[in-house]
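A.B. asks: Right, I'll just put the structure down here and ask away after.
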Amino acid sequence: MKADQPINVAAAVLIYKGNVLMARRHGGYLDKLWEFPGGKLEKDETAEAAVQRELKEELDIDVIPNKTILILEHSYPDKTIRLHFVSCSFNNPISDNALKIDNNPETGWFSPAQLPLTDICPADRIASNNIPWQLLIKKEQNNSANEPFILVINPGSLTTKIAVFKGLEIQYEEEITYTKEDLKDFKSSIDQLDLRYNSVVEVLKKAGYKSQDFSAAIGRGGPIKPMVGGIYKVNKQLLDDLVNGMATDHASLLGGLIAYKISASTGMPAFIADPVSCDEYIDLAKISGCPDCPRISLNHHLNVKSVAEEVAEADGTTIDKVNYVVAHLGGGFTICPLEKGKMIDGNNTNDEGPMTPARAGSLPLQGLMKLCFSGKYDYKTLRKRLNQDGGLMEHLGTGDCREISKRIEAGDEKARLILEAMAYQISKWIGAMAAALKGKVDAIILTGGIAHNKYVVDWVKERVSWIAPVRVRPGQNELLALAKHAYKAINNPSIAKDYK
């Protein structure tokens, strides 16, 4: 008898020298058939983490999961499984991992064009016809001996994520964490620069990397002055604006500063790319009903543009030839129209838009004014309520959509109502951004962490699929997005803009 709920299973799509890794199953009616290696997701585990764990446990190899590229459900006689196919690459040392596979008689390398389809598990056979093989092989080929090493730095409020790429293949990744106690004596993010820089240098040293190993360093761009999207060289003017924080204080300001400090001794270029303050809005989009409150572009440009490029590439085109509505659904939301690659409108998640896991979103104006003059709040406390403790958090006591989904499955009707209300608001904003494109929409893209949530995705699809096909690209990979920018600038220096 089948289980009521599908079993979530992660499967690795590991490409090496143009071939894909397969492994033999053992036991049951699928005995001896080939499958993409992997296994069941544990409680609260992501597909990417499950793939990494399973391949270490089952095959004793170390892989770096890149992203989920396909999700499909398949029913067998005794169960239904939901397979999450995750593109992967070998972690260093690559040769050691490859040798372990070569010495394992229960694994094999196959050309995607010559898979033994009659000897593959049915679900994996269906998946093999839907995996973008050409794109994955092209990316794997980028990891050649002559590819440049790129250092990527992405500071967050309590973390600094760093990665080393060879071409566009990740070689090393680390997340440096700080406690609130570690940072309590710093008055601003900029005051943390020496601490964060020294931590990055120390981690790289332990991993065996020196600044001389890199062809470029790139950091996440912070909230500076409005600018057109793209990659920018870190020059004196940009350094000054990063230090001064043109819009607001945020740890992302440190990305370009750390990249510059590391590059200074070697002469390699330092960059930032697609900071949150990119402004490509058309003039119409900047006007509100109050001249003192213009609409400001502060959005998730980096992930939005990166995911749009991936979708366009998979469709055999480029983003300068198509129109997309992209919904980045993370801790904050950006729902925006991309017209021929330009973000011509969107919602500043701190000002407007759907409610999010922790933000209130657009509010009834009369109710908001009453709150402001109720005497209960000053600016700081009301801002915290609306932009840190609002949304799902205020309604349900948690912003974790996984936890809310469990409540729904247990019969919690309020949890269902609130989560569906968020999906309803997302759908309305997607519709509004389709109108900004005059209905000429080639695809709607759902990305960010909440794009993993089946409830939200299905509710949104139900309301917007009539506009255009919906493409789901869960999660985000800002490290890879930054590496792509640096890689293009290394190969074509003329695209790196001068910050003025």
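Any read-out appearing in this document is the output of simple, stated calculations on the displayed coordinates, not a laboratory observation. All of these numbers come straight from a predicted model, not from anything done at the bench. Cβ sites come from the backbone with ideal geometry, for glycine too, and all protein chains shown count toward neighbours.
A.B. asks: Could you check how many percent of all C-alpha pairs in the range 170-222 are farther apart than 19 Å? The partial results should precede the final answer.
C.D. replies: Working: 499 of 1378 pairs.
Value for the range 170-222: 36 percent of Cα pairs lie more than 19 Å apart.
A.B. asks: I'd like the Karplus ³J(HN,Hα) series for the range 218-232: coefficients 6.51, -1.76, 1.60, θ = phi - 60°, whole numbers in Hz, and an x wherever there's a Gly or Pro.
C.D. replies: These are the phi-based 3J(HN,Hα) values: 9, x, 5, x, x, x, 10, 6, x, 7, 6, x, x, 9, 10 Hz.
A.B. asks: Points 7 angstrom from Cα along the Cβ direction at TRP109 and ALA314: gap in nanometres?
C.D. replies: Those two pseudo-labels are separated by 2.6 nm.
A.B. asks: Could you order peptides 418-427, 21-30 by the average number of other Cβ atoms within 10 Å of their residues, highest first? Don't jump to the answer; show the numbers that get you there.
C.D. replies: On the way: 418-427: 20.2, 21-30: 15.3.
In descending order of packing, they fall as 418-427, 21-30.
A.B. asks: Please list the non-local residues whose amide H lies under 5 Å from the amide H of LYS497, H modeled 1.01 Å from N, same-chain partners needing a gap of 5 or more.
C.D. replies: Placed amide hydrogens put ILE231, TYR232, LYS233 under 5 Å from LYS497.
A.B. asks: Quick one: which residues, 5+ away or cross-chain, put their amide H under 5 Å from the amide H of ALA216? H built at 1.01 Å from N.
C.D. replies: Counting only residues 5 or more places away or on other chains, the set is LEU151.
A.B. asks: When the convex hull of the C-alpha atoms of the range 177-256 is computed, what volume per residue in Å³ does it have?
C.D. replies: Values: hull volume 9.0 nm³, N = 80.
So the per-residue hull volume is 113 Å³.
A.B. asks: Label point 7 Å out from LEU183 along Cα-to-Cβ: which residues of the range 153-175 have amide N under 15 Å?
C.D. replies: So the set is 154-162, 175.
A.B. asks: Same structure again: Any lysines with Cα under 18 Å of the LYS500 Cα? List them, leaving off those in the same chain fewer than 8 positions away.
C.D. replies: The reachable lysines, counting only those whose Cα sits under 18 Å from LYS500, are LYS225, LYS233, LYS236.
A.B. asks: Counting Lys +1, Arg +1, Asp -1, Glu -1, what net charge surrounds GLY230 among other residues with beta carbon under 15 Å of its beta carbon? Write out the running numbers ahead of the final one.
C.D. replies: Numbers: positive: ARG220, LYS225, LYS233, LYS305, LYS340, LYS342, LYS484, LYS488, LYS497, LYS500; negative: ASP274, ASP279, GLU280, GLU309, ASP320, ASP498.
Spelling it out: positives minus negatives among the neighbours equals +4.
A.B. asks: Placing +1 on the Cβ of each Lys and Arg and -1 on the Cβ of each Asp and Glu in the range 125-201, which of VAL152, LEU168, ILE126 has its Cα farthest towards the positive end of the resulting dipole?
C.D. replies: ILE126
A.B. asks: For the range 176-192 and the range 420-473, what is the centre-to-centre distance using only Cα atoms, to the nearest Å?
C.D. replies: 37 Å
A.B. asks: Follow-up question, since we're still on this one. Using only the alpha-carbon atoms of the range 283-468, report the extent along each of the three principal axes, biggest first, to the nearest angstrom.
C.D. replies: Largest to smallest, the principal-axis extents are 55, 48, 25 Å.
A.B. asks: Tell me which of ILE287, GLY341, LEU446 sits at the most positive position along the dipole axis of the range 283-468, charges placed on C-beta atoms (Lys, Arg +1; Asp, Glu -1).
C.D. replies: ILE287
A.B. asks: From the helices alone, meaning DSSP H stretches of at least four residues, give me the mean residue ellipticity at 222 nm for the chain, per-run term -39500 (n - 2.57), in deg cm²/dmol to the nearest 500. Can you show the working numbers first?
C.D. replies: Working: 16 runs with 171 residues, N = 500.
-10500 deg cm²/dmol, from helical runs alone.
A.B. asks: Then there is this: Please report, to one decimal in angstroms, the Kirkwood hydrodynamic radius of the range 1-157 built from all distinct Cα-Cα pairs. Don't skip to the end; give the middle numbers.
C.D. replies: Values: mean 1/r = 0.0608 Å⁻¹.
For the range 1-157, inverting the mean 1/r across all distinct Cα pairs yields 16.5 Å.
A.B. asks: Pairwise over distinct Cα atoms, reciprocal of the mean inverse distance: report the Kirkwood radius of the range 271-320 in Å, one decimal place. Could you put the intermediate results ahead of the total?
C.D. replies: Working: mean 1/r = 0.0781 Å⁻¹.
After inverting the pairwise mean of 1/r, the radius is 12.8 Å.
A.B. asks: Scaled to the compact-protein estimate 2.2 N^0.38 Å, what is the alpha-carbon radius of gyration of the range 347-453, rounded to two decimal places?
C.D. replies: Values: Rg = 15.6 Å, N = 107, 2.2 N^0.38 = 13.0 Å.
Rg over 2.2 N^0.38 Å, computed on Cα atoms: 1.20.
A.B. asks: If you take the charge dipole of the chain about its Cα centre, with +1 on Lys and Arg Cβ and -1 on Asp and Glu Cβ, which of ILE64, TYR209, THR398 is farthest toward its positive end?
C.D. replies: THR398
A.B. asks: Also, quick follow-up: Which number do you get for Rg(Cα) / (2.2 N^0.38 Å) in the range 47-91? Intermediate results must be reported in sequence, preceding the final value.
C.D. replies: Details: Rg = 12.0 Å, N = 45, 2.2 N^0.38 = 9.3 Å.
Compactness ratio reported: 1.29.
A.B. asks: List THR160, THR107, THR266, THR179 from most exposed to least, where exposure is judged by having the fewest other Cβ atoms within 10 Å.
C.D. replies: Details: THR160 26, THR107 18, THR266 15, THR179 8.
Result, fewest neighbours first: THR179, THR266, THR107, THR160.
A.B. asks: Let me ask another. Assigning unit charges at the beta carbon (Lys, Arg +1; Asp, Glu -1) and nothing else, what dipole magnitude in debye, to the nearest 20, does the chain show about its Cα centre?
C.D. replies: Details: 60 positive and 63 negative charges, 196 e Å.
Result for the chain is approximately 940 debye, rounded to the nearest 20.
A.B. asks: Taking the Cα centre of the range 7-141 as origin, sum charge times position over the Cβ atoms of Lys and Arg (+1) and Asp and Glu (-1), and report the length of that vector in debye to the nearest 20.
C.D. replies: Numbers: 15 positive and 19 negative charges, 75 e Å.
Dipole of the range 7-141, to the nearest 20 debye: 360 debye.
A.B. asks: Dipole magnitude of the range 283-468 about its Cα centre, charges +1 at Lys/Arg Cβ and -1 at Asp/Glu Cβ only, in debye to the nearest 20?
C.D. replies: Working: 24 positive and 23 negative charges, 95 e Å.
In debye, rounded to 20, the range 283-468 gives about 460.
A.B. asks: Next question. Considering the range 40-127, what Rg and Dmax in Å follow from its alpha-carbon atoms?
C.D. replies: Both quantities, over Cα of the range 40-127: 14.1, 41 Å.
A.B. asks: May I ask you to work out the translational diffusion coefficient for the chain at 20 °C, viscosity 1.002 mPa s, via Stokes-Einstein with Rh from the Kirkwood sum over Cα pairs, reported in whole µm²/s? Provide the component values of the computation, followed by the final result.
C.D. replies: Values: Rh = 24.2 Å.
D, rounded to a whole number, is 89 µm²/s.
A.B. asks: Determine ³J(HN,Hα), in whole Hz, for all residues of the range 433-446 in sequence, where each value follows from phi through the Karplus function 6.51 cos²θ - 1.76 cosθ + 1.60 and θ = phi - 60°; x replaces Gly and Pro.
C.D. replies: 6, 5, 5, 4, 8, 6, x, 8, 10, 7, 6, 10, 10, 9
A.B. asks: May I pose another question? Taking Cα centroids, how far is the range 214-242 from the range 376-392 in Å?
C.D. replies: 31 Å
A.B. asks: Distance between the C-alpha centers of the range 272-305 and the range 54-102? Whole Å please.
C.D. replies: Going from one Cα centre to the other spans 39 Å.
A.B. asks: Quick one: what are the phi-derived ³J(HN,Hα) couplings along the range 186-197, Karplus 6.51/-1.76/1.60 with θ = phi - 60°, whole Hz, x for glycine and proline?
C.D. replies: Each residue's phi maps through the Karplus curve to give 8, 7, 8, 4, 4, 5, 8, 4, 5, 4, 5, 4 Hz.
A.B. asks: Here's another thing I want to ask about it. Give me, ordered by chain and number, the residues 5 or more places off TYR172 or on other chains with an amide H under 5 Å from its own placed amide H.
C.D. replies: Residues meeting the amide H criterion: VAL164.
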